[in-house]
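Please read the structure below before turning to the comments.
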Amino acid sequence: MSERPSYPTALGASSLHEITLLGQSLADDVMGTVGFGELAFWLATQRRPTPGETRVFEAVLAALADHGFTPTAIVTRLTYLSAPDSVQGALAAGLLGGGSRFLGVTEDCGRFLHDVLRRAGQLPRDEPGWDALALETVTAARAGKRFVPGLGHHVHKDGDPRTPRLFAIAEEEGLVGPHLQLFAAIGRVHPQVLGRTLPLNGAGVCGAALADLGLPLELLRGFALLARTAGLIGQLAEELRHPVGNEIFLSVDLNNRPVPPDPYVPGGGE
């Protein structure tokens, strides 16, 4: 008789009378004791965060929860308008829109900064050293016609209010690591290369902070989506009480205009 398969996990497991999670009794040790943000960090790293790490992590979640009528919020409301019987579909539609322009910048920035630091090898020891590394980084990106993730914002052109606040919280908790230091330096030196000043946006500083917390780079977008899930639930709650989805739909439907066909020509857009 063959052995039964074994599927080891340090996460949730159930027996007749108990549920364990991360080696703790879910009912006795977690519920009512561990906050959701702390638990999310713990689940991802399988180590319990310090109070300072929890504060920075939850500040990131708050920063990314909602930012108004972004495409993710609009599509959630419109999907609910189309299928009010599928709350999960409306939430999923909004989360699926988290990509390189919205929400995905958190992961993109964290990975970008991490790659720069990995290639640099020995880290700078002072602000001039960080500025030199940042200047080299932005110059190389400009030469390669690449964007620096986390630089610029379509609304907060004079500065994203989330950015200095998150830097301050990380500083208060002694958690300003190399990713945040490099990101801050990019903010200082990029006008020398680009000829204009762009803000360090909130999604980017969140990515830098998460990377400094030692969270898996592959999951940084997941944390942004975790935060935005709360925001999308808020969008649906408001849609239930003060609906605007139908107005958004009708605004497009009643104001479309027919135009002649524009046939696709291979290579015509290059």
* For the chain, rounded, prolate or oblate, judged on the Cα gyration tensor with a ≥ b ≥ c (square roots of eigenvalues), a/c < 1.5 rounded, else prolate if a/b > b/c? -> oblate
* If you roll a 1.4 Å probe over the heavy atoms of the protein chains, what accessible area per residue do you get for the chain, in Å²? -> 59 Å²
* **Length-normalised contact order for the stretch 175-270 - Cα pairs under 8 Å, 6+ apart - percent** => 23 percent
* Report the relative contact order of the chain, percent, no decimals, based on alpha-carbon pairs under 8 angstrom and at least 6 residues apart. => 25 percent
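Once neighbouring chains are kept in place and the probe is 1.4 Å, which whole percent of the accessible area of the chain is contributed by carbon and sulfur? Please list the in-between numbers first.
Details: 9040 of 15880 Å².
That fraction is 57 percent.
At a 1.4 Å probe radius, which order do Glu3, Glu18 fall into by accessible area, largest first?
On the way: Glu3 170, Glu18 90 Å².
From most accessible down to least: Glu3, Glu18.
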* Asked: Which one of Leu64, Ala10, Gln88 has its Cα pushed farthest toward the positive end of the charge dipole of the chain, where Lys and Arg give +1 and Asp and Glu give -1 at the Cβ?
  -> Leu64
* State, to one decimal in nm, how far the label point of Ala13 lies from the label point of Ile248, with both points 7 Å from Cα in the Cβ direction. => 4.4 nm
* Which part of the stretch 153-177 falls in the paramagnetic zone of Thr197, meaning amide N under 18 Å from the point 7 Å along Cα-to-beta-carbon? -> 153-165
* Structure fact -> Rounded to one decimal in nm, the spacing of the 7 Å Cα→Cβ label points at Ser6 and Arg118 is 3.3 nm
* Asked: Tell me, how many Å apart are the Cα centres for the stretch 1-76 and for the stretch 166-211?
  -> 27 Å
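The values are calculated or read from the model by the stated rules, or taken from the named source; none is laboratory data. Predicted model, so just to flag it, every value in this text is computed and none were measured. Methodologically, a virtual Cβ is constructed for each residue, glycine included, from the backbone with ideal geometry; neighbour enumeration extends over all protein chains shown. Just so you know, the surface numbers come from the protein's heavy atoms only, side chains and all, with ligands and any DNA or RNA stripped out. Shrake-Rupley method; radii C 1.70, N 1.55, O 1.52, S 1.80 Å.
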